[in-house]
Structure formats: structure tokens, C-alpha cells
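Scroll down for the structure; my scribbles are underneath it.
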Amino acid sequence: MRDLPPRIYNLHIYINRSRLLSDSIKALLEMTQLHPVNYSVKFEGEEGGGPGVNRGWFSVVCSSLRDKTKYPDKTLPLFHCPGRLPEQAENMAPLPWDCTLYHNNTLLYKQRIDGFRACGRFLGLALWFKQTLPIKLCRHVWKYLLGRKLCWADLAFYNSDLYEGLRAMLNDAKWMTEDEFVEVYPCTFEVEINGRSRELRSGGSQIPLTKLNVNEYIQGYSEQLMVHSVVEELAGLKQGFTDIIPPHVLAGLTAEDLTLLLSGGCGDIPFEKLCSIITFVNSIGCSQKRLEQFKRWFWKIVKDMNQAERQQLLYFATGSSTLPPLDHNTERSRDRISITVDIQHDSRNALPMASTCGQRISIPLYRSYSMLKAKLSLALQCLSYGLG
């Protein structure tokens, strides 16, 4: 990125894992200067440190933002996944504030908006330090961060069922008579969103939906749902993001560009890609025949993994569960990943260990395929790291 402000200081973040989300939000809000030259994350009571732990912090914060059980008590989650289709299941958007549940608690609401500002800084730091995140935001959120105008078609990336329903309404307006249309769609310019009635324009409760104003209705409804019902949440997110990344730096980017830069290869991790980034080191000097057998076992296990398990493997080895985006000018990854599998002496009781700083997995030369599969699976589930 060019024309960025000068980098000033090193950012140090101290986190207690039992308070991961609240400690992270607090640290992000307490940043005194916004353009650090470097950063480090230290988990209380843990010896590990370095690039692997730093990358790991970004991943575990993303995981916590998706999991409502990770939020502090009496706190409404910041995000939800409004999509219904499997491919939309992880697309996140700000969750509207529930006034009925929290009885207009202004202090809690302010803390909530501060939380969105911290999340914006979190996204900004990830972009600043070229860290990819295992997180997907709905398209309209990226567009809002970039200051781009939203259109009702963005609803397709938010909730495809609702989008298809509104598109059917638009198509019906083309061939139905006025009386038929009004009978099928007895609506006014007032809609209910998250338990609250909202007018799509002044006096909307008295304005019927017709064939002539159906385009205005659909655009207004989409904007109310995606933006106006969460406008302060989105504004907080954008303020935090632009605290770190000046708006002019983003001037030429599209929502798709920003998605690629921040989420990288989030989602599918192809088996072929893992084959290209994983190499083996025969530290114990076992026979070539035994080495090739071990490799066959390992690759069969990896090939049979689902996407979640491959993300676990990548996270175990590198501290990040996503692949970095590709630099299309060089056809190489922006931050190249190269994982080494170091084969160690056989030990039935030992689990595979990982050093995320060195992107290295140490695996005992287990005596059978079933033992290798069981031990590797257990290690991925409990994330048995070495130092950094």
C-alpha cells in the first residue's frame, strides 16, 4: 500500500484466554497510536510467542466473534449469519440491537458500538499486517466500509430467500394488472425488522405498494434491512477500520478486492494446494521404503479430511486457518506458506506437535495408519503446540 501514514510504534497485546473477546476488544480500543510498525500477542500464563501466536490471535478472535457463547455475560452478540443457503451459512453481518430485550440500556448500547469500533480496528490491523482472516462478511458490509453505494441486489449475498422473493415481486409487476398485483401484495411502505416497524419513506404506513412504486419499495426495504436498522453498528465498524486504514488508500478497491485481501482463501482448502505447500523432513533417517509408506498414510488422511478438518490442520501448523490471497502478478502467494512435516522417532504415547513460527509439524513415525490417523486427529482437536 502506498501513501500510508508513517508507522510509529510497536503494538503489544496481552490476553487472558478465559476473557479472549473482552480482553481483545479492550486492547483494541486502548490503542494510543494507530499505525504500529509491528505487533506481538502474549497470552497470560503461556510461554508461546512469536509470529505463530500472533497469527493465532487473529484466528481465535474470528472464531469467538462467530460463537455467541464466547461473548461476556448479558452481552448481545455483535454479528449474526442471516443467510439460509449452505454457501451463505458463514456470511456475517451486524446483528440489530434488540430494544425489547435490553430495555434501551444506553450504557450497554454504547459498549456495543465500541465493540464494533474495536472490530473495525481488528479488520484494519489484519489488512495493515497482511493477515488473512477465517471470516466472511456479507457483501454490503464490505461496500459500506469502502463507502460504496449499496443496491438491492446486494441482498442476494445477505439472504437469498428474501432476495428471490423480492425478485419474484418485481417480475410479477411486469405482467400482472394493477388490481392483481395489489391483491397478491397487500403491503404498505412500512415493514417490520427485528420486531420494530420502520417506514421506508415519510408517511409510509399510509402508502400502498403498487406496480409503479415497486422499485422504490424494494430498494428502500433492502436499505432498511441491511443498513438503516444497524447504521450505528456499521458506522462504528467503519470508524474503527478507517482509524487504521486511511480511506484514500482504499479508493480503488471493490468489495470483492477487500474480501480477497482480508479473507484470502477462506473456505475451501484444496487437497492439491496442501500437497504443494507441505514437504517432509526425515530427521530420524528411516528407510526410504518406510518414509514413502508414512507419506502415503499422511496424504490419505489429508485427502479424506473435510474442509473444517483441513482448516484445523492449517491452523495447527501456521496459526492461521486460511490461505493467503494470490498475487496475480507473480502467481505466488502474497505471504508464502510452506509447511514442513518433521518425522520423529516412534512413540505410542506422544502426539504430533507444531511450531507455528516455523510452520513445522513434528510427527512420530507411528507403526500403523490407524494410529497415525487417531493421533493426528487428537492433536488437531486439542491443538498441542510447541513454543510459538
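The values are calculated or read from the model by the stated rules, or taken from the named source; none is laboratory data. Everything numeric here is computed off the predicted structure, so don't read it as measured data. Cβ atoms come from the backbone with ideal geometry, glycine included; neighbour counts cover every protein chain shown. Heads up: the accessible areas ignore ligands, DNA and RNA and are worked out on the full protein's heavy atoms, side chains in. Shrake-Rupley method; radii C 1.70, N 1.55, O 1.52, S 1.80 Å.
Only the Cβ atoms of Lys and Arg (+1) and of Asp and Glu (-1) were treated as charged; on that basis the dipole of region 204-314 about its Cα centre amounts to roughly 940 debye. Taking the longest Cα principal axis of the chain as reference, the axis of helix 160-175 is set at about 40 degrees.
Placing +1 on the Cβ of each Lys and Arg and -1 on the Cβ of each Asp and Glu in the chain, which of H80, N54, Q111 has its Cα farthest towards the positive end of the resulting dipole? Value computed over the given set: N54. Rg ratio for the chain: its Cα radius of gyration over 2.2 N^0.38 Å, N being its residue count, equals 1.16.
In a fully extended conformation the segment linking Q206 and C81 would gain 41.7 nm over its present Cα-Cα distance, using 0.36 nm per residue.
Computed about its Cα centre, the charge dipole of the chain is approximately 1760 debye, with only Lys, Arg, Asp and Glu carrying charge at their Cβ.
Taking R0 as 41 Å, what's the FRET efficiency between T254 and A308 from their Cβ-Cβ distance, rounded to 0.05? After rounding to 0.05, the efficiency reads 0.90.
Here each label is just a point 7 Å from Cα along the line to Cβ, and for E44 and S287 those points are 5.4 nm apart. The residue among I135, N171, W152 whose Cα reaches farthest toward the positive pole of the charge dipole of region 129-186, with charges on the beta-carbon of Lys, Arg, Asp and Glu, is I135. Pairs spanning more than 31 Å between alpha-carbon atoms, out of K143/K303; K238/K303; K70/K149; K289/K373: K143/K303; K238/K303; K70/K149. Antiparallel beta bridges, as assigned by DSSP with both residues in the chain, represent about 40 percent of the total such bridges. Hey, which aspartates and glutamates would be in cross-link range of K174, C-alpha to C-alpha under 16 Å, not counting anything within fewer than 8 residues on its own chain? Once the sequence-local aspartates and glutamates are set aside, what remains near K174 is E164, E183, E216.
Peptide packing: for 119-128, 219-228, the average count of neighbouring Cβ atoms within 10 Å per residue gives the ranking 119-128, 219-228, highest mean first. Run the simple label-point estimate for A374 and M176 please: 7 Å along Cα→C-beta, distance reported in nm. For the pair A374/M176, the computed spacing is 6.3 nm. A Gaussian network model of the chain, with springs between Cα atoms under 10 Å, assigns the largest mean-square fluctuation among I337, I193, I245 to I193. Cross-link partners for K68 among the aspartates and glutamates, with Cα-Cα distance under 18 Å and sequence neighbours closer than 8 places in the same chain left out: D23, E90, D98, D114, E233. Against the longest principal axis of the chain, how steep is helix 214-226, in degrees 0 to 90 to the nearest 10, with axes from Cα atoms? Relative to the chain, helix 214-226 is tipped by roughly 40 degrees. Helices in the chain, meaning DSSP H runs of at least 4 residues, each add -39500 (n - 2.57). Divided by all residues, the mean residue ellipticity at 222 nm is -13500 deg cm²/dmol. Given +1 at the Cβ of Lys and Arg, -1 at the Cβ of Asp and Glu and no other charges, the dipole of region 25-184 around its Cα centre is 840 debye to the nearest 20. Axis angle, to the nearest 10 degrees, between helix 288-304 and the longest C-alpha principal axis of the chain: 10 degrees. Accessible surface computed residue by residue for the chain, with neighbouring protein chains in place and a 1.4 Å probe, gives 50 Å² per residue.
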